Each structure stands twice: as C-alpha cells, then as structure tokens.
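To keep things clear, I will list the structure first and then write my remarks on it.
A short reminder: the numbers here are calculations on the coordinates, not readings from a lab. Predicted model, so just to flag it, every value in this text is computed and none were measured. Note that we place each Cβ from the backbone using ideal geometry, even for glycine, and neighbour counts take in every protein chain shown.
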Ligand SMILES: Cc1cc2nc3c(=O)[nH]c(=O)nc-3n(C[C@H](O)[C@H](O)[C@H](O)COP(=O)(O)OP(=O)(O)OC[C@H]3O[C@@H](n4cnc5c(N)ncnc54)[C@H](O)[C@@H]3O)c2cc1C
C-alpha cells in the first residue's frame, strides 16, 4: 500500500482545514490536506454571507470572491414588523455576499503557495493507531487505498466529522442541535441588494429562519433552515417553496442552483485529544444562533495552525493544549451566549416574535445596551421580560 509521511495531516479542504494548513506550512512544516471531493469549493453548501470583519483577519485579501456588499440586515417578524441592523451589528453572516467556490479556492491557493499538498478525491476512511495513539489515516485516493502518517492529525471534516469519533470524542448531534437547510439561487427576481433579509417565525421556519442574500439586483440566495427537532423529510423545501410563492418579487425567479445541507447549532465539543485537533464545523464552532460558520472556521483554523506549528517547533505535543485555551478566549463567550439565545428563540411562537420585533424596532443599535433593551421591553411588552430573563442576566 502506498505510504505518505507528513508532519501534519488535515482531513477536510474547507475553510477550517485550508487555513489551518496555511499557518503550519508557513512555518516550513509538511502538511497534507485530504479532500474527498474532486474540486475545492464544490459543491457549494452555503448561503454565502459573511461579515466584513473578514478583512481584519489578515488571512485573505479582498478579491473576486466578493459578489456584493450590503449595508445591513433587515429582520422581518411574522406580521411584517421590520428591525434594521447595520452590517456591524448583524453578526457573522452580514456584510459581503461571496462566491464560496472562489473563496475556498483562493484559500487553497494561498495554502498551496506556502507549501501545502492538497489531495483531491481523497476520502479519509479510518484512523491508523499505534499503541492506542492515532498516527495516521487510511484513505481512498481516487480508487486506490493509501496511508498517510503524521505527528498531528486535524479533523476539519465539517458537520459529519469522523476524525473526532476515531479518538473517542462524542460528535453526535441531537435533533435540537442541528439545522436542515434548503436553498435556491434564484435569478430574475427583484431584490434590494443593499440588505440581507431574514424572515423569522415558528410557522415560517420552525427553530430557524428564511434568508435572502442578494448577489445583485436580480439574483439572490434564498434559503431556509429548520431545526431538527421540528423537521421531517421534505419540510424545509416545502416551507421555502410556500414562502417564495407568497412573494411576487420572488415567484417569477428561476433557480440556477439548488442545495441542501446541515448546520450544527450545538455547543462546542472537546476539540483536542492528544495529538488530534478539531476545527470549524467539526469542533461545532458554528454560531448556534445564525448558523454562520465561515468566520469561526477561519479564526479557529488560524489558531490551530499557529499552535500546531509552535508545538512542532518545540517538539512538544503538550503545547497543543494552548489551542483550546486560545479559541475559547476568542469564541467561547459568544458561542455560549448565542446557544442560550437559540434555545430560547426556538420556543417562541409567532406572536412572541412580533412582540419582540415591535419592542426593538426603534432601538438605535449603535447605542445598544442591555439597559436599553430592558427599557424597551418593559415599556412595550413587559411579558417578554420573563422569556428573556436568562439572556439579560436577570433572576
Ligand atoms: C445551506 C447552508 C448555508 C450556510 N450559509 C452560511 C452563510 O451564509 N454564512 C456562513 O458563515 N456560514 C454558512 N453556513 C455554514 C458554513 O458553510 C460552514 O460553517 C463552513 O463551511 C465551515 O467550514 P469547515 O471548513 O469547518 O467545514 P466545511 O466547509 O464543511 O468543509 C469540510 C470539508 O471536509 C470534507 N470532508 C468531509 N469528510 C471527509 C473525509 N472523510 N475525507 C476527506 N474530506 C472530507 C468535505 O468534503 C468538505 O470539503 C451554511 C451552511 C449550510 C449547510
């Protein structure tokens, strides 16, 4: 059987794996990225929204991957009440609408330039263990069985991650911690290219929302996410079709792409076991409230890459512990808060969404504070306070 030896093997050629590999290769260590698909970035499984804060990360320069820039988000409650947020306040998915295929390929190009070897049509099938330690990966490389050996193994293999399971990490997702998505790219519609639109409501998208991310004046990604605990086969498509049919500006659109996929909306899991590290969706770093995961995959990937390089430089595997400390410092607070928000919001009925939207629609989010929110709720809909107590830190 053919054998490859590397310092690091990364399973998964999405944003998390590509950025991890980039920062290890940069320090001169050998890295293999194993990607089961035949092309990086294809198929696209994404709404393609990302915060403009991606520019501040210093990982990828502005380029052809940006298709549209929005000024903010509009959130519509079931009765049509609209809350407007500037891109800055709207979270990790609002700012740019991107071409995910070009975006991922650009990350791959940057990583390859630093020296990463990318193996396409390479499906990681099984861990190779020596004395109870994961030392490599058995893979199907274009129909041939091969083995990759490495000092550090990275699981960047997305929502279905297997690498974690190989070393005994519990990667199972409860139905309430996974969202089923269905999305069309619709052309020939009328949309406002200045805003990403979000429609919430239990009857519209139980436990999730419908999004319209405009690529131009007449093309947008129109998708839906439904929480697993409310979902059944075919429901996401059925609800999205119903929504599109109800909107004159969308009804006439023609689908030029259809996709389905799942997003973890769970709490982060253990992301380090000995010499094995999980990043991105595999580590459940997706924002549990919005389902956005690209930014966190980039942030976590960079931390993982830099920490692994540090550990290899000192030949000290215990340095890998810093990965957990470092990603927690950057992401944990937000992930925990948004998990709680998701848990609460998934119980809201349509009336509660309407009351909430009515309470906050006039808030200037530039001057947003917990106090401002409480004041708005007490004034308009005091009954909401009881539902939102845990979020506001009230007993
Ligand atoms: C419908 C939908 C819409 C979304 N919209 C947005 C959005 O608008 N904005 C946003 O920020 N996030 C969005 N997300 C989430 C976002 O796409 C993910 O969070 C992000 O891709 C995570 O990056 P990753 O590298 O961790 O995983 P992925 O991008 O999933 O990459 C994992 C890679 O691993 C490969 N792989 C898996 N198993 C193996 C194996 N055994 N061997 C080899 N390769 C393997 C896969 O082929 C894949 O290429 C959306 C997700 C879905 C499903």
Cα convex hull of the chain: mean projected area in nm², to one decimal? 19.5 nm²
Just 23, 230, 96 to compare: in a GNM of the chain, with alpha carbon springs under 10 Å, which one fluctuates most? 230
Part-to-part distance (alpha-carbon centres) for the range 270-291 and the range 119-186, which is given in Å: 13 Å
Compute the long axis of helix 235-245 from its Cα atoms, compare it with the longest principal axis of the Cα atoms of the chain, and write down the angle in degrees, 0 to 90, nearest 10. 50 degrees
Which residue fluctuates the most in the chain, going by a Gaussian network model with Cα springs under 10 Å, if the choices are 208, 142, 58? 58
Extension length gain for residue 79 and residue 62 (0.36 nm per residue less Cα distance), in nm, is 2.3 nm
DSSP bridge orientation in the chain - percent antiparallel, rounded to nearest 5: 70 percent
Quick one: Cα convex hull volume of the range 4-54, Å³ per residue? 87 Å³
Gaussian network model of the chain, Cα within-10 Å springs - most flexible of 292, 136, 305: 136
Take the Cβ-Cβ distance between residue 310 and residue 71 as r, set R0 to 41 Å, and report the resulting FRET efficiency rounded to the nearest 0.05. 0.55
Let's test this: bin the Cα-Cα distances of the range 156-210 at 10 Å from zero up to the farthest pair and state each bin's percent. 16, 32, 27, 19, 5
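Taking a ≥ b ≥ c as the square roots of the Cα gyration tensor eigenvalues, with a/c under 1.5 meaning rounded and otherwise prolate when a/b beats b/c, else oblate, which class fits the range 66-195?
On the way: a/c = 2.77, a/b = 1.93, b/c = 1.43.
The shape class here is prolate.
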Rounded to 10°, Cα long-axis angle of helix 350-360 versus longest principal axis of the chain: 90 degrees
Helix 370-380 vs. the chain, principal-axis angle (Cα, 0 to 90°, nearest 10): 30 degrees
Testing the spin-label approximation: label points 7 Å from Cα along Cα→Cβ at residue 172 and residue 45. State their distance in nm. 2.1 nm
State, as an integer percentage, the relative contact order of the chain based on alpha-carbon contacts under 8 Å between residues 6 or more apart. 20 percent
Post the alpha-carbon centroid distance, the range 1-24 to the range 82-101, in whole angstrom. 30 Å
What helix-only [θ] at 222 nm does the chain give? Using -39500 (n - 2.57) per DSSP H run of at least 4, over all residues, to the nearest 500, the answer is -9000 deg cm²/dmol
Computed FRET efficiency, Cβ-Cβ of residue 242 and residue 350, R0 25 Å: what is it to the nearest 0.05? 0.95
Between residue 258 and residue 133, what length in nm is gained on full extension when 0.36 nm per residue of separation is reduced by their alpha carbon distance? 40.9 nm
